[in-house]
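These notes concern the structure reproduced below.
Every number here is computed from the coordinates shown, using simple stated rules; none is lab data. Since we're looking at a predicted model, the values are computed, not measured. Glycine also receives a Cβ, built like all others from the backbone with ideal geometry; neighbour counts cover every protein chain displayed.
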Amino acid sequence: MATVATAEQLGTQAPRSAARRRGWPVWRWAILLIAAIYFGIPLYAGLKFAGFKAFTQVTSYPQFGSAFALSLRLAVIATVLTLVLMVPTTVYVHLRLPRVRRAMEAITILPIVIPPIVLIIGVLKVAPGWLIGTPDLLGLEYVILAMPFAYRSLDSGLRSFDVKTLVEASNSLGAGWPTTLWRVVIPNLRTAILSATVLTVALVLGEYTMASLDNFQTFPVWIVNFEQNSGPVSVAASLLALFVTWLLLMLIVTLGSRRARKHGGGEVTLFSVSTQTRQIVGEAE
Amino acid sequence: MTMNAAAGTEAGGSVRGAAAGGAGAPVVLDSLSRSFGAVRALDGLSLDIAPGELVALLGPSGCGKTTALRIVAGFEFADSGSVIVDGTDVAPVPAAKRDMGMVFQSYSLFPNMSALDNVAFGLRMRKIAPGERAKRATALLDMVGLAPQARQYPHQLSGGQQQRVALARALAIEPRVLLLDEPLSALDAKVRLQLREQIRTLQQRLGTTTLFVTHDQEEALSMADRVGVMKDGRLEQIATPSELYSRPATAFVAEFVGTMSRIPGNYSGGDEVTALGRNVPVHGEHASVSPGEVDVLVRPEGLTVEAVTGGNGIVTDRTFLGSLTRLSVLLSGDIAVKVDKTSTAATDLVPGTSVQVSIPGTEPVLIAERA
């Protein structure tokens, strides 16, 4: 058993920063600079092209509000459904069907390799009639689309702690399954759940193909449609969407990481979940 | 990391009320069998545990001891046989309803809860009022000497502290039976020793019937009232530690518990065997041993050794054990044996010394088919 405690887990901010500074050689700064230029120049060019005035005009354009609201609504539907479906499934597979894990990995990768149009037709075939033609159906399609990302986040979260022992400990203390899931498993999966949420929200807010094929005007579809009318306003809307999405994700990440740090768990970042391996503090006695 | 002395008085009063209320249920394991595919993990295991008794199941990896514990806990089911607690077959009772406290090998504290909340978890499940819950959990933490760490999270505690919290958590629910699944194996030697004593003291004070699974014979012999040695899903022998050591029933038990040397002997049937030129009484299960050449199993203290020119062996190594020194002696015929001698008398017995190894013949020995 490793008895090394990371500075992060000990909650010592200063040594961690110092260690990071020491651990950042010049080549890393160079890569960071190149990446910053790569991503920064298009953003700067977009800002310059759109001009400040376009930003003030964006919200006043027709259907901006409804398109943005629809995207947010779909993000909420997809995230809630994804978590409700995937958390119990992944936990069950880990605890009771560990041999099925490989099959699950293969199945959950399918939405990435299957073309969106095929997924749409598949969903239309099995969806109940009352859902067809409503935007909520798009939410269901997004659940399928988010599955590979959500499964991987939750799977890596479950691998990071001994879920079997915790569940058995909880059972032995008198907790039934629902209580164990709610009070023991989910709190310890917080980082993974946040990561799945971040990925699902980001995916839905940026998804164009399915929404366009289904003829729903989500925010990305609105931007593309609007581009025909006004280039600068369209670019301003894209940048605004980027900024709002970024703010939303930062909010999720900050709230999640604060609690996760308190319990010694991993931190959520915009693009990854840091390892949650719970190294214990060395024998202090 | 000594136990809080106050636990026996002020805090202990409330703890007894909290933790000792459900002490001492008798447990019977009746012909338990369990297979995993082609592997037979348990093969008709039977065991009676008296109320308040601490029984250790000792055996090598894969002998079925953990399977037995998990069946008692309700995490596994038996293919046949039954577990009877306080006169009731618990087979249909789910783990959550069995009222058994369990301490696991790996750190099993809930990472999202403080030490206090971990200990109070079982009480919460029993719908104890928050005030009473906190009071009882605090008393239990005090009992294991961790009251100052009540608000700390598991990642802020050392391994030893975590296992003490886990013990307090298991005791908090006033378990009818306490199950310990190698709770010390992940700890370093010093902490292991301290926690070993603490578990035994608490168990004796609270009188909780305890089943303890370990592969560490020192742990089993030092903590348990009785030790059951398991092999291939069966109980080879269950006895008090001293009886297990001095009168092992089988060659497996003899060689698994403590150090044992094999010396060639000649068995003509009956109750005596000839070894190192002397007739020695035989004990244990020797009915199945065929007359003829056999191995005589002897403990290091069951042999004597003297420096003799032209003796029957040569000292090859020596290990200082404090008051005793353990000598490795190579007898003629390439037979290696271990012999204990008081350290003061063993000063001259350096490697290379010619010695005479003898068997006193006063204590009965165990015999086994020639290996």
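For helix B:189-206, report the angle its Cα long axis makes with the longest principal axis of the Cα atoms of chain B; keep it between 0 and 90° and round to the nearest 10°.
Here the helix axis deviates by roughly 60 degrees.
Counting other C-beta atoms within 10 Å, which of B:206, B:69 has the fewest, and how do the rest follow?
Least to most surrounded, the residues fall as B:69, B:206.
Given Cα pairs under 8 Å that are at least 6 residues apart, what percent is the relative contact order of the stretch A:62-156?
Values: 54 pairs, mean separation 47.5, N = 95.
It rounds to 50 percent for the stretch A:62-156.
Quick one: 3J(HN,Hα) in Hz for the stretch A:122-127, Karplus 6.51/-1.76/1.60 with θ = phi - 60°, rounded, Gly and Pro as x.
Running phi through 6.51 cos²θ - 1.76 cosθ + 1.60 with θ = phi - 60° gives x, 5, 4, 5, 9, 5 Hz.
How much of the calculated P(r) for the stretch A:10-153 lies past 24 Å, in percent of all Cα pairs?
Numbers: 6412 of 10296 pairs.
Here the tail beyond 24 Å accounts for 62 percent of pairs.
I want to check a number: in chain B, how many lysine pairs have alpha carbons closer than 30 Å, given a sequence separation of 8 or more or different chains?
Final tally of qualifying lysine pairs is 11.
What residue among B:39, B:241, B:139 has its Cα farthest toward the positive end of the dipole of the protein assembly as shown, where the charges are +1 on Lys, Arg and -1 on Asp, Glu, each on the Cβ?
Sorting the options by dipole projection puts first B:139.
Antiparallel DSSP bridges in the protein assembly as shown: what percent, to the nearest 5?
On the way: 60 of 80 bridges.
Restricted to the protein assembly as shown, the bridges split so that about 75 percent are antiparallel.
Across the protein assembly as shown, what fraction of all alpha-carbon pairs, as a whole percent, falls in each successive 10 Å bin from zero upward?
Whole-percent P(r) values from 0 Å outward: 3, 12, 17, 18, 15, 13, 9, 5, 3, 2, 1, 0.
Normalized C-alpha radius of gyration of the stretch A:205-249, against 2.2 N^0.38 Å?
It is 1.15.
Amide H neighbours of residue B:41 under 5 Å, counting only residues 5+ apart in sequence or on other chains, H built in-plane at 1.01 Å?
Close amide H contacts, sequence-distant or interchain: B:34, B:35, B:36.
For each of A:177, A:246, count neighbouring Cβ atoms within 10 Å of the residue's Cβ, then give the residues from fewest to most. Write out the running numbers ahead of the final one.
Values: A:177 16, A:246 12.
Going from least to most buried by this count: A:246, A:177.
Please list the equivalent ellipsoid semi-axes of the stretch B:197-318, computed as the square roots of five times the alpha-carbon gyration tensor eigenvalues, in descending order and whole angstrom.
Ellipsoid half-lengths, sorted descending, are 34, 19, 11 Å.
How many percent of all Cα-Cα pairs in the stretch B:308-371 sit more than 17 Å apart? Provide the component values of the computation, followed by the final result.
Values: 899 of 2016 pairs.
Counting pairs separated by more than 17 Å, the tail of P(r) holds 45 percent.
At 7 Å along Cα-to-Cβ for each site, give me the label-to-label distance between residue A:104 and residue A:130 in nm.
Those two pseudo-labels are separated by 3.1 nm.
Nearest 5 is fine: what % of DSSP beta bridges in chain B come out antiparallel, could you say?
Bridges in chain B are about 75 percent antiparallel.
Averaged over every viewing direction, what's the projected area of the C-alpha convex hull for the stretch A:127-243? Give it in nm², one decimal, please.
Mean projected area of the Cα convex hull: 9.8 nm².
How far apart, in nm, are two points set 7 Å out from the Cα along the Cα-to-Cβ line at residue A:36 and at residue B:93?
About 6.5 nm separates the two model spin labels.
If you filter the stretch A:98-200 for chymotrypsin sites (Phe, Trp or Tyr not before Pro), then keep DSSP loop positions with at most 11 other Cβ within 10 Å, what is left?
Details: sites: A:130, A:142, A:149, A:151, A:161, A:182; in loops: A:130, A:161.
Hits after loop and neighbour filter: A:130.
Please find the FRET efficiency linking residue B:362 to residue B:316, where r is the Cβ-Cβ separation and R0 is fixed at 25 Å, and quote it to the nearest 0.05. Don't skip to the end; give the middle numbers.
Values: r = 27 Å, r/R0 = 1.07.
It comes out at approximately 0.40.
Please give the helix B:130-143 orientation as an angle from the longest Cα principal axis of chain B, in degrees from 0 to 90, rounded to the nearest 10.
20
So how do B:210, A:165, A:59 line up by other beta-carbon neighbours within 10 Å, fewest first?
With the fewest neighbours first, B:210, A:165, A:59 line up as A:59, A:165, B:210.
Looking at the stretch B:307-371, which trypsin sites (Lys or Arg not before Pro) are DSSP coil and have at most 14 other C-beta atoms within 10 Å of their C-beta?
Counting only loop positions with at most 14 other Cβ atoms within 10 Å, the trypsin sites (Lys or Arg not before Pro) in the stretch B:307-371 are B:370.
Compute the helix-to-body angle for B:115-125: its Cα long axis versus the longest principal axis of chain B, expressed 0 to 90° and rounded to tens.
Helix B:115-125 sits roughly 70 degrees off the main axis of chain B.
For residue A:76 and residue A:177, what does the FRET efficiency come to when R0 = 30 Å and r is the distance between their Cβ atoms, rounded to the nearest 0.05?
E between residue A:76 and residue A:177, to the nearest 0.05, is 0.65.
Using the Cα atoms of chain B, I'd like the radius of gyration and the largest Cα-Cα distance, Dmax, both in angstrom.
So, for chain B, Rg and Dmax equal 24.3, 79 Å respectively.
What number, in nm² with one decimal, is the all-direction average of the projected area of the convex hull of the alpha-carbon atoms of the stretch B:152-211?
Projected area, direction-averaged: 4.2 nm².
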